[in-house]
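Okay, structure first, notes after.
The numbers here are math on the coordinates, done by the rules we state, and not lab data. No experiment lies behind these values; they were computed from the predicted model shown. Counting neighbours? That spans all protein chains shown, and the Cβs are built from the backbone with ideal geometry, glycine included.
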Amino acid sequence: MVYSTNPDFHFETDNDSTEQESLPANRQKLRLRIEKNGRGGKTATVISGFVGPESELESLARTLKTHCGCGGSAKDGLIIIQGDMREKLLSKLKSMGYSDTK
């Protein structure tokens, strides 16, 4: 926080920021990777690179979890799916129009 003795000073906060606009599915650059560290030795597939509002990220995560039949979460711009589901997720994302996915 900044304090000023200037009577004309107006403090602005970052709380007024709007959510990021979503890119079309064919322009999203999603990346799939496997993680074990920090997960108690359990394997998780992490999808990164999604550009868009948090609500669309959660909706995509819900669709992918249902397709794989497993648990997971969406937080901090990442989709975390339990288990090694790279092949299933890659084929599902490509069929949904996310063509630039690796």
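Quick check for you: which residues of segment 75-99 have the amide N under 20 Å from the point 7 Å beyond the Cα of LYS36 toward its beta carbon? In segment 75-99, the label zone of LYS36 (backbone N under 20 Å from the point 7 Å along Cα→Cβ) covers 80-88. Here the contact order of the chain, divided by its residue count and restricted to Cα pairs under 8 Å and six or more residues apart, works out to 31 percent. Helix-only arithmetic for the chain: the sum of -39500 (n - 2.57) across DSSP H runs with n ≥ 4, divided by the residue total, places the mean residue ellipticity at 222 nm at -7500 deg cm²/dmol.
What FRET efficiency comes out for the pair GLU21/ASP84, r = Cβ-Cβ distance, R0 = 30 Å, nearest 0.05? In this case the efficiency is close to 0.40. For the chain, modelled as a GNM whose springs connect Cα atoms under 10 angstrom apart, the maximal fluctuation among GLY38, GLY52, GLY69 occurs at GLY38. The label-point distance for SER48 and PHE11, in a model that sets each label 7 Å from Cα toward Cβ, rounds to 3.5 nm.
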